[in-house]
Amino acid sequence: MLQNIRVVLVNTSHPGNIGGAARAMKNMGLSRLVLVDPLDFPSHEASARASGADDVLENVQVVATLEEALVGTTMVLGTSARERRIPWPLLDPRECGSKSVEEAAQVGGEVALVFGREHAGLTNEELQRCHFHVHIPSNPDFSSLNLGAAVQVLAYEVRMAWLAAEGQASKTEKVEVASVKSAELSTSDEMERFYDHLESTLVEIGFLDPQSPRHLMARLRRLYGRSSVAKAEMNILRGILTETQKVARGEPHKRKD
């Protein structure tokens, strides 16, 4: 699906921006880069800025006109401000990602994400070749985005939409790898033993008055209850309580240097 989405850079003046765009694309799983009449390419600086995305640069298609870059496309999205004279369908980056993936998933669907010149964007004539205009809602007081950054924003939204369409998770849960048991949650009976241990320790150090407990233990139960305490974490908590009791009793205790 992602191979049906191409990134088109029009008349790019700085080769470093081409490399930055290639890196952003590879980060997000896009591979098809089309350059329309670049001022300086191929270039060592483009390769340096690509930071490992050399395969994207090696497979770049260089054409003379935007018409050539859009051959075979079924949907074109131009990243620029709204055309001044004629209202045009306008999308934000998230909508752009969703529409791109939906179109790319169709039989024969070919999508182009078109980015204009660093200093002037796309001309009105070029914008009129786009089905949609895409506006990145940046800070209005400092709205100018680097070309590579703009490509990164849209490429990210495309990837998020693609992950959702594929039913893949957009984040990876981090699990302690020391042991499988370390990721297991404490059972209710283990939690009850912890609460008993906690209460006796708080009484012993004078923090909890058993004659006037108020709602301290209820609040602590609520605190730990919403924390999803793992077994490994429970061992730490119980160890802290044990050493606290030893100090309170004047007994020798383990030092953690």
Legend entry - The listed residue being within 16 Å of A155 (Cβ to Cβ), buried (at least 17 other Cβ atoms within 10 Å of the Cβ), in the same structural domain as Q152 (by TED's automatic domain parsing) and in contact (Cβ under 8 Å) with a residue 12 or more places away in the chain, out of L70, L66, L57: L57
Inset, instruction - Quick one: in segment 181-213, of everything that is part of a loop (DSSP other than H, G, I, E, B) and in contact with a helix residue (DSSP H, G or I) (Cβ under 6 Å, 6 or more places away or on another chain), which residue is surrounded by the fewest Cβ atoms within 10 Å (Cβ to Cβ)? - result: P210
Legend entry - Any hit, segment 146-162, residues being at pLDDT below 90 and of a type in the set (S, T, Y): no
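The values are calculated or read from the model by the stated rules, or taken from the named source; none is laboratory data. Worth saying up front: this structure is predicted, and the values here are computed from it rather than measured. Backbone-built Cβ (ideal geometry, glycine too); neighbour counts: all protein chains shown.
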